[in-house]
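Each remark here refers to the structure printed beneath this line.
What follows is calculated from the coordinates using simple rules that are stated; it is not laboratory data. Please read these numbers as outputs of a predicted model, since none were measured by experiment. No Cβ is skipped: glycine too gets one built from the backbone with ideal geometry, and neighbour counts run over all protein chains shown.
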Amino acid sequence: MRGIFWVFGLTLLLAGGLAEPAAAQELDDRHIGYYYPHPQTYETFVSRGRPLPQASRQMRVGFVVGYTTSQLELPYPPEFVLYAKGAEAQKLIIASLDDDRMNTLYRARAVLAMMTAVARTMPIFVENGVEDSFTFFDLAKLLGFEQITVTDGRDFAHQVTLD
């Protein structure tokens, strides 16, 4: 997982901003019931950065492909999968591949915290002095994602709108 963040970290340019969590509202989401159940919880994350000028559908799909490739190179099966949906691949979905994982908000946040820890080792975060403040959500926003849904793939989903 770390390798993919390093690869994309080398190409990212940071943009400043202010972050403050806020209550989220459900977006019109045709993926509910197909890729994940109706989310039980929602939040809005106000990113410290803004999408990079070069952020595009191709970059977001490339991120998911690179991440997936790095996961498949590991000597054990992946515990969850990332995929991008929407006309512009602007919705990131993180789905568990195992039962009893990411089936609560706390477990979903633990996975996101793990992804933040890895993202904070990226050269682009370190070189710009934001490795202790930027999160995986900020990285997703820089890539141009607008929404992240985390699901156990069966009964639980949590949705984050990136502002």
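Some notes on this structure:
- Net charge over other residues, Cβ less than 15 angstrom from the Cβ of residue 102 (K, R count +1; D, E count -1): -2
- Cα gyration tensor category, rounded, prolate or oblate, for the range 22-163 with a/c compared to 1.5: rounded
- Whole-Å distance, taken between Cα centres, linking the range 43-64 and the range 98-158: 13 Å
- Amide proton proximity set for residue 32, modelled H, under 5 Å, gap of 5+: none
- Among 72-78, 52-58, the peptide with the highest mean count of other Cβ atoms within 10 Å heads the list, and the full ranking is 52-58, 72-78.
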